[in-house]
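First the structure, in the form of structure tokens, and then the observations on it.
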Amino acid sequence: MRAGREEGLKIRNAAAWKGGPQRQPRVRVQGDSVGRALLHPVRSVPLAFLAVILLGAGLLMLPAARTAAEADPVLPALFTAVSAVCVTGLITVDTPTFWTPFGHAVILGLIQVGGFGIMTLATLLALLVRKSIGLRGQLVAQSETHTLNFGDVRSVLFRVARIMIVFEAVTAAVLTVRFWFAYDDNPGTALWHGTFHAVSAFNNAGFALYSDSLISFADDPWIIIPVCLAVIAGGLGFPVLIALLKGGVRMKDWTIHLRLTVFGTLLLLAAGFVLFGAFEWNRDETLGPMSAGGKLLATLAGSVFPRTAGFNSIDYAAASPETLMITNILMFIGGGSAGTAGGIKITTFLVLGFAIWNEIRGRDQVTIAHRSISSSAQRQALSVALLGVAAVVSGTLLLLMFTDYSLEKVLFESISAFATVGVSTGITYDLPANAQWVLMALMFTGRIGTITVASSLALSSRPRLYQLPEERPIIG
């Protein structure tokens, strides 16, 4: 028996040495690696946004989408699609006159899909059709909705859809009635205008069906207040809206994220209201000719709309340099996380502020409301802020190279694009093609998120299995 086993072993060894049958080592196929890299949940979100942008641009290139058939549709269609999907609102052509009702419907659809989140929408449709969701789908939905637990994804998606529909429907109803009875629109036109601006407001997109945006309605409370409320609601972020609408949670039991977002929003709105009013109240170019009530409404809009909404309550080309600077700050900070707002987000700004304050006081831990903030959260906040600064600086430098506009106007345009705001001093219409490509890159980066883009570019990451010795450089 033993001799038989030894003989069989010799035969197998001989066959191996002579090139006989043997198990081949598994070879990793390069295509499989690329496929897995592209299908990674963090990378699939930018790819999905890019796919919808291209689809939207293709629809806007159709002759039925624009009023002038002889106009070159490629660059305007692509720029408008990027702006709509990234819920920005910057435009290179006049939305109400260049695009037909079909084009307006395409833009509205792109805004809705971009605001809800493409991967979130795809996951919700999969849930409705299959009644189930795989692990990859859960990871993708988590990257869009910023939920923490796998079990939360299904309920969060349906809550997000319900919240969005309710806010948009209520805002659309108020605007429709106002357009119908106060501005002599027929019922169909009033309904369409009300729906379009409600969706644009809640998704912080800033697209309007009027050539002067909402400047003509700056003193109408039945237009400005519903739009402002919708902008604020969409900008708070879905986790905050879900927590606030759930009820039954005492303020002392609020999470740090909820506290930072709510109180940070109130603080920025108040600061923006006071400073905007102080700088523009008596200026003949902006608020000066208006009544006191109209000035208050326009000032409210001036503090809300720069929080990534993109509507205009004044002509920013005529605004004072101080107002432009305050607007730059509000735009760059943006709104709440996991919502329709852009910017670096309120939580990022406040976490960095508390980190600086605790460092000044000589504390090792960063604490907020008797809770400590992890070092990883601080590093992420710092990364988001610095990457945002880098994006704005790079975009500003390129625009200065490609155009003859002043630094003040170019910086305003760059921040507006990166923070997906959409307000402009009026230079977007006249930008050359290469400058438009810069703005499209800034809008895409700002919508997807600097961290997501950076993660998408990093095709592999390996944890370090050892600790290097520490050394303290001289800071400051």
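Here are the numbers for this structure:
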quantity: Among 266-273, 170-177, 436-443, the order from most to least packed when residues are scored by Cβ within 10 Å on average; calculated: 436-443, 170-177, 266-273
quantity: Gly310 long-range amide H proximity, modeled H, under 5 Å; calculated: Val423
quantity: Long-range amide H partners of Trp99 with built H, under 5 Å; calculated: Thr67
quantity: Shape of the stretch 186-313, Cα gyration tensor, a/c cut at 1.5; calculated: oblate
quantity: Listed pairs Lys252/Lys295; Lys252/Lys345; Lys295/Lys345 exceeding 26 Å between Cα atoms; calculated: Lys252/Lys295; Lys295/Lys345
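Each value in this text was obtained by applying a stated rule to the coordinates, not by laboratory testing. All of these numbers come straight from a predicted model, not from anything done at the bench. All Cβ positions, even for glycine, are placed from backbone atoms using ideal geometry, and neighbour counts span all protein chains on display.
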